[in-house]
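Working notes for the structure below.
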């Protein structure tokens with residue numbers, strides 16, 4: 001059956017102009033145009049329009065919808081199932097909020113006594129926090145984000161041709177059902193829902209774990225020999241993969257023992273790190289690696305030193321070694337030449353190099369310290385993210401605090417001066433997730449808006465003007 005454009009518009013409840021616009025941007029073309037110039041649609045186009053409206057209902061912009069539906073991996077039935085799941089979640093949350101409003105009215109009328117917990121039913125973001133690592137990852141010159149449909153988007157230097165505009169989000173092809181991502185200096189990884197790991201980018205040191213050494217891998221390729229992976233963390237050249245059974249697998253260069261096998265021999269294929277198990281989180285950067293065990297202890301191996309500047313190499317260990325005085329830890333993050341840990345009591349602890357104040361102890365001590373110290377004046381922290389030479393912390397009140405190097409505006413405080421103390425970033429509120437790259441940073445608010453700041457040499461901030469930003473600006477939306 002054929003439908004004229006006016007009939008489709010009246011049936012769906014959208015304007016004729018909207019349908020014309022969808023045709024102009026090649027999102028939804030009519031099946032044909034009759035001799036009178038009327039656009040004609042079939043049931044097939046109506047199905048496509050339904051899918052577009054479902055995407056719009058969960059807030060996706062048109063350019064992302066087009067990229068998803070044009071992808072060779074696009075599957076309408078699978079996508080509809082995901083939409084159904086998300087809408088049920090939305091329905092449940094709205095029902096909880098309606099119940100909270102009703103109880104609040106009854107409480108004001110003296111008919112009901114609300115508990116403090118009931119006052120905030122429906123606003124719980126624990127589910128979001130539990131999956132925070134799937135949203136975004138920042139490398140040296142690029143940014144990655146996972147969308148609601150399990151696709152991965154990137155901007156900055158993600159491997160596109162030099163002539164292309166790196167500030168525009170680009171769909172990373174051949175990736176679907178992605179549940180986690182990791183970004184390094186010039187390579188990246190994605191973890192799919194089936195537990196497989198896929199990598200792309202530079203492979204000059206075997207950092208992709210494909211068993212070979214290549215100059216560059218343009219499209220994602222599966223890392224063979226590992227399965228049931230829960231998470232991946234990428235250092236500059238080496239990689240850590242955490243299996244669901246709590247074991248760690250690693251590959252890449254091993255100049256300072258960062259692979260944790262007791263040697264300095266490189267591996268271009270995944271190998272298990274012996275002597276450590278029951279791990280719940282891993283973190284890698286430059287020449288050092290970290291692991292958080294389920295008992296709340298933190299372990300490290302490799303060495304502290306900056307990958308690009310002449311920091312001396314310090315405190316090399318070639319097998320997993322427990323960090324003293326750290327217990328009851330719930331989260332870890334590895335900076336370029338420092339480590340961070342979040343304690344269950346909401347305090348942040350740091351160790352490593354500190355010449356730019358990245359440890360947040362109110363000093364610019366150039367010495368490397370392996371003894372953790374508490375960040376002064378910072379409490380009630382929800383998560384922490386260590387960048388190249390700076391650190392971010394997200395408090396439970398939704399504010400973001402920063403300290404350390406600020407050469408490219410990484411601290412987001414409106415200046416380019418290093419800071420040795422934790423201070424709040426003005427203008428950031430209701431934040432639910434943070435991420436730190438080598439010299440740029442990101443925050444995601446509860447509405448799905450992405451805020452970016454810092455270096456923008458390759459368009460990694462999503463801004464065509466390749467200049468640093470020393471204050472956060474709203475860039476894109478991630479529908480997580």
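Taking the residues in the range 437-467 that are part of a loop (DSSP other than H, G, I, E, B) and farther than 20 Å from residue 184 by Cα as candidates, determine which candidate is modelled with the highest pLDDT.
Going through the qualifying residues, I end up with 446.
Can you tell me how many residues within the range 165-183 are outside any loop (DSSP other than H, G, I, E, B) and either more than 22 Å from residue 440 (Cβ to Cβ) or at pLDDT 85 or above (or both)?
The qualifying residues number 6.
Report every pair of residues separated by at least 6 positions or lying on different chains whose Cβ atoms are under 6 Å apart, first residue within the range 103-126 and outside the structural domain of residue 398 (by the TED database) and surrounded by 10 or more Cβ atoms within 10 Å (Cβ to Cβ), second modelled with pLDDT of 80 or more and part of a loop (DSSP other than H, G, I, E, B).
If the second residue must be modelled with pLDDT of 80 or more and part of a loop (DSSP other than H, G, I, E, B), the pairs left are 103/112; 106/112.
Being without any contact (Cβ under 8 Å) to a residue 60 or more places away in the chain, farther than 27 Å from residue 259 by Cβ and in the same structural domain as residue 282 (by the TED database): is that true of residue 363 here?
Judged against the criteria, residue 363 is a match.
So for the range 32-46 (the condition being modelled with pLDDT under 90, in the same structural domain as residue 61 (by the TED database) and closer than 21 Å to residue 64 by Cβ), does at least one residue qualify?
No, the range 32-46 contains no residue that is modelled with pLDDT under 90, in the same structural domain as residue 61 (by the TED database) and closer than 21 Å to residue 64 by Cβ.
Name the one entry in 398, 377, 387, 346 that is buried (at least 22 other Cβ atoms within 10 Å of the Cβ) and either in contact with a strand residue (DSSP E or B) (Cβ under 9 Å, 6 or more places away or on another chain) or outside the structural domain of residue 258 (by the TED database) (or both). Outline the logic, then answer.
Values: 398 fails: buried (at least 22 other Cβ atoms within 10 Å of the Cβ); 377 fails: buried (at least 22 other Cβ atoms within 10 Å of the Cβ); 346 fails: buried (at least 22 other Cβ atoms within 10 Å of the Cβ).
Going through 398, 377, 387, 346 in turn, the sole match is 387.
For residue 409, only one of the following conditions fails: (1) buried (at least 22 other Cβ atoms within 10 Å of the Cβ); (2) within 11 Å of residue 470 (Cβ to Cβ); (3) without any contact (Cβ under 8 Å) to a residue 60 or more places away in the chain. What is its number?
(3)
Identify, from the list 219, 239, the residue that is surrounded by 23 or more Cβ atoms within 10 Å (Cβ to Cβ) and on the phi < 0 side of the Ramachandran plot.
Sole residue among the options that is surrounded by 23 or more Cβ atoms within 10 Å (Cβ to Cβ) and on the phi < 0 side of the Ramachandran plot: 239.
Kindly state which helices (runs of 4 or more DSSP H) lie completely within the range 3-63 and contain at least 2 residues that are exposed (fewer than 14 other Cβ atoms within 10 Å of the Cβ) and within 40 Å of the chain's Cα centre (by Cα).
In the range 3-63, the matching helices (runs of 4 or more DSSP H) lie at 16-24, 43-57.
Identify all residues within the range 341-358 that are within 24 Å of the chain's Cα centre (by Cα) and under 16 Å from residue 439 (Cα atoms); write none if there are none.
Matches in the range 341-358: 358 only.
Among the numbered criteria (1) crowded, with 24+ Cβ neighbours inside 10 Å; (2) over 25 Å from the mean Cα position of the chain (by Cα), which one does residue 364 miss?
(1)
Name the pairs: first residue in the range 182-199 and without any contact (Cβ under 8 Å) to a residue 60 or more places away in the chain and on the phi > 0 side of the Ramachandran plot, second residue in a strand (DSSP E or B) and buried (at least 20 other Cβ atoms within 10 Å of the Cβ), Cβ to Cβ under 9 Å, at least 6 apart or on different chains?
195/229
Just one of the numbered conditions (1) surrounded by 12 or more Cβ atoms within 10 Å (Cβ to Cβ); (2) at pLDDT 80 or above; (3) outside the structural domain of residue 397 (by the TED database) is not true of residue 137; which one?
So residue 137 meets the others, but not (3).
Yes or no, residue by residue, for (1) more than 26 Å from residue 224 (Cβ to Cβ); (2) touching a residue at least 24 places away in the same chain (Cβ under 8 Å):
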position: 255; (1), (2): no, yes
position: 258; (1), (2): no, yes
position: 265; (1), (2): no, no
position: 269; (1), (2): no, yes
position: 273; (1), (2): no, yes
position: 276; (1), (2): no, yes
position: 283; (1), (2): no, yes
position: 290; (1), (2): no, yes
position: 296; (1), (2): yes, yes
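The values are calculated or read from the model by the stated rules, or taken from the named source; none is laboratory data. Note that the coordinates shown come from a computational prediction; the quantities given were computed from them, not determined experimentally. Every residue, glycine as well, gets a Cβ built from its backbone with ideal geometry; the counts of neighbours run over all protein chains shown.
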